[in-house]
Amino acid sequence: MIKKKKVIIIGAGLAGMSVGCHLQNNGFNTEIFEMHTLSGGLCTSWKRKDYMIDGCIHFMIGISPTNSSYQFWNDLIDMQSIDFVYHGSHCVIEDKEKNRITFYSNVNKLETELLSKAPEDKNQINKLIRLIKKFSKLNLPVDKPYELMNIKDKLKVAYHMLPYLYTLLKYVKISNKEFASKFKNPNLKLAFETAFIGETPLFYSIMTMVWRHKKEMGYPKGGAVHISSLIEKKYKQAGGSIHFNSKTSKILVENNVVNGIELENGEKHYADIVVSAADGRSTIYDLLAGKFKDENIIERYERDIFETIDKTLYVSIGVNKDFSDQPHKMHFQLDKPIRIDPLTKLKVLEISHFCDDPSSAPKGKSLLSLMPESKDWEYWTNLRKTDFHKYNQEKERIANEIIDALDNCFGNIKENIEMTDVVTPATYIRYTNNWTGGQISWKATHKTFGKPTLWEIDGLSNFYMTGQWAGISGGLSNVVMMGNHLTQIICKNEGLKFIRKRVG
């Protein structure tokens, strides 16, 4: 009888549990070591009074069989069992005069809306609509990781890509801000820059609108904790085990071969293979002591090609008021900016509600969430360490100023507040060890487009990485797909045939 190879996985987020599920299905014996008390990593929820705060998911990509990412979700959980909410709009932008522009999910409604609000921008609007319709037909084959594709596989990808390649390469180099600058109507220009992150390539925003139009993007009722718990259940059903409260302090290496990990409590655990699904920077510079860095590592962490995503706070407000008649996501121009940290002032209030999910709040009440940018993430980590009282005061001040702004927008808010919760970059670092305290890893820019995934480090054997830091950007569907792809790579390296099957 062939002995199963032992694999240790660092981190029980979706990336770690995903690769664990697929490895278990392919004859490996896996154990996950997680620093926190529960699984999910950044994909988590928490209870505050009668409100369930979803700290992660605003939408999931790949929720329809028409999307190439669907298969990776459906390998892990029964997608038909989940009730998804399809929002009618990406967001609504309101200016100081209370004029609104709605970025509808349906491309035809979007076209009508934009033309009615800015007829002078007919040419630029038509260009946007044509791009959405063009890319709505794109659905790349992603069954295999690029590293394992043969000539036939690459020709198949090329066949699907060829009609879109020129346009894709063009609009991955044009930012949302550059595209918006072509609008003549100042309200539409401001609305587009607000709805879509300015520096992000337009191509990524086009794909967001494509997924919404095709109903391949939506929100799962039950939220992040529901998704994480389903994947944990499947992983355990496949024979895997998770050790909680088990923070890894070192990856054990002998003669450039990884053979296990050491925990903070001094325990050592040995394995044939170690996979880090944890924070990328701490993996390289702490767990491996910065001793193993190839060109791809240096490019990410020591040059200016890759940039970490803009950091935010995560403010949640429970209010005894029904927001279900409002768009699920709205942006308002503030009369008075709100200071977030020494480097950041909030000028636009971005608010989302979760009224479509009964688990978020009691009937007739609403959970509101906001993610104000916080450029100075170190301010929050240092303040928590040096002056915990002021740290809490600052969180309370920001929550109160946001409530004042909401009251000004909607009225009848202050007296109906039942819960407030403010998460800072320091919170994310404490619970997930995510570098800089951001929710997502790298910014999606034209500089990083097409860069290779960091599965392995040259010169280091029996070690792999997965998750958002190993890819070129974050996103749940990406890390779930990576679990499948990495398992294929490991099987190939071990001389095994990859078996793809539903877990459980």
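Determine the per residue accessible area of the chain with all protein chains present and a 1.4 angstrom probe, expressed in square angstrom.
Numbers: 22510 Å² over 504 residues.
Here the per-residue accessible area is 45 Å².
Pop out the ³J(HN,Hα) list for region 91-103 in order, Karplus 6.51 cos²θ - 1.76 cosθ + 1.60 with θ = phi - 60°, rounded to Hz; leave Gly and Pro as x.
5, 10, 10, 10, 8, 5, 8, 6, 7, 10, 10, 9, 8
Hey, can you grab everything whose amide H is under 5 Å from the amide H of residue 243? Only 5+ residues off in sequence or another chain; H modelled, so Pro and N-termini drop out.
32, 33, 34
Full extension from residue 134 to residue 303: what is 0.36 nm times the residue separation minus their Cα-Cα distance, to one decimal in nm?
Difference between extended and current length: 57.3 nm.
State the percentage of accessible surface on region 258-302 attributable to carbon and sulfur atoms; use a 1.4 Å probe and exclude ligands, DNA and RNA.
Accessible surface attributable to carbon and sulfur in region 258-302 totals 38 percent.
Taking the C-alpha atoms of region 402-504, how large are the radius of gyration and the largest Cα-Cα span, Dmax, in Å?
That works out to 20.9, 65 Å for Rg and Dmax.
Under a cut-off of 17 Å between alpha-carbon atoms, report the aspartates and glutamates in cross-link reach of residue 215, not counting same-chain residues fewer than 8 places apart.
Within the straight-line limit of under 17 Å, residue 215 reaches these aspartates and glutamates: 83, 356.
Sum -39500 (n - 2.57) across every DSSP H segment of at least 4 residues in the chain, then divide by the residue count to get the 222 nm mean residue ellipticity, nearest 500.
-10500 deg cm²/dmol
What does the charge add up to near residue 166, with Lys and Arg as +1, Asp and Glu as -1, over the other residues with Cβ less than 13 Å from its Cβ? If you can, show how the numbers build up before the last one.
Working: positive: 134, 170, 173; negative: none.
Within the 13 Å Cβ shell, the charges total +3.
Tally Lys/Arg at +1 and Asp/Glu at -1 over every other residue whose Cβ is under 9 Å from the Cβ of residue 21; what's the total?
Surrounding charge for residue 21 is 0.
Using R₀ = 30 Å, calculate the FRET efficiency as 1/(1 + (r/R₀)^6) where r is the Cβ-Cβ separation of residue 181 and residue 404; round to 0.05.
Efficiency for this residue pair is about 0.35.
Putting +1 on Lys and Arg Cβ atoms and -1 on Asp and Glu Cβ atoms, find which of 349, 369, 389 reaches farthest to the positive end of the dipole of region 318-411.
389
Can you work out the FRET efficiency for the pair residue 291 and residue 496, with r the C-beta to C-beta distance and R0 = 25 Å, to the nearest 0.05?
With R0 = 25 Å, the Cβ-Cβ based efficiency is 0.25.
Sketch the reach of a paramagnetic label on residue 257 as a point 7 Å from Cα along Cα-to-Cβ, and name the residues of region 429-466 whose backbone nitrogen lies under 16 Å away.
459-464, by backbone N distance to the label point.
Pop a pseudo-label 7 angstrom from the Cα along the beta-carbon direction at both residue 324 and residue 95 and give the gap in nm to one decimal.
Computed distance between label sites residue 324 and residue 95 equals 3.4 nm.
Along the charge dipole of the chain, pointing to its positive end and built from +1/-1 on Cβ of Lys, Arg, Asp and Glu, which listed residue (86, 136, 119) has its Cα farthest out?
136
Any idea how far apart residue 382 and residue 199 come out in nm if each label point goes 7 Å out from Cα toward Cβ?
2.1
Near residue 296, within a Cβ-to-Cβ distance under 13 Å, what is the net charge of the other residues, with Lys and Arg +1 and Asp and Glu -1?
On the way: positive: 293, 300, 303, 451; negative: 147, 294, 295, 299, 302, 456, 458.
With Lys, Arg at +1 and Asp, Glu at -1, the net is -3.
Given Cα pairs under 8 Å that are at least 6 residues apart, what percent is the relative contact order of the chain?
Contact order relative to length: 24 percent.
Please work out how much length the chain gains when fully extended from residue 339 to residue 155, using 0.36 nm per residue of separation minus the C-alpha to C-alpha distance, in nm with one decimal.
Computed gain between residue 339 and residue 155 is 61.0 nm.
Rounded to whole Hz and in sequence order, give me ³J(HN,Hα) for region 286-291 from the Karplus expression 6.51 cos²θ - 1.76 cosθ + 1.60, θ = phi - 60°, writing x for Gly and Pro.
So the J values, rounded to whole Hz, are 10, 5, 9, 6, x, 8.
Scan around residue 249 for amide H atoms under 5 Å from its own, H built in the peptide plane at 1.01 Å from N, and keep only partners 5 or more places away or cross-chain.
Sorted by chain and number, the residues that satisfy this are 262, 263, 264.
I need the phi-derived Karplus couplings for region 265-272: 6.51 cos²θ - 1.76 cosθ + 1.60, θ = phi - 60°, integer Hz, Gly and Pro marked x.
Using θ = phi - 60°, the values come out as 7, x, 5, 10, 10, 10, 7, 7 Hz.
Is any helix in the chain, taking whole DSSP H runs, at least 30 angstrom long along its axis by alpha carbon and on average at least -1.0 on the Kyte-Doolittle scale, and which ones?
388-410
Do any GluC sites (Glu not before Pro) in region 45-112 lie in a DSSP loop with no more than 14 other beta carbon atoms within 10 Å, and if so, which?
Counting only loop positions with at most 14 other Cβ atoms within 10 Å, the GluC sites (Glu not before Pro) in region 45-112 are 97.
Could you check the spin-label model distance between residue 173 and residue 375? Points 7 Å from the Cα along Cα→Cβ, value in nm.
Taking the simple label geometry, residue 173 and residue 375 are separated by 2.8 nm.
So how strong a dipole does the chain carry about its Cα centre when Lys and Arg Cβ are +1 and Asp and Glu Cβ are -1, to the nearest 20 debye?
1360
Whose amide H sits under 5 Å from the amide H of residue 56, counting only residues 5 or more places off or on another chain, with H placed in the peptide plane?
Answer set, sorted by chain and number: 44, 224.
The values are calculated or read from the model by the stated rules, or taken from the named source; none is laboratory data. Bear in mind the structure is a predicted one, so any value in this text is a computation, not a measurement. When we count neighbours, we look across all protein chains shown, and the Cβ atoms used for this are built from the backbone with ideal geometry, even at glycine. Quick note on the areas: whole protein, heavy atoms, side chains included, nothing else; ligands and nucleic acids left out. Shrake-Rupley method; radii C 1.70, N 1.55, O 1.52, S 1.80 Å.
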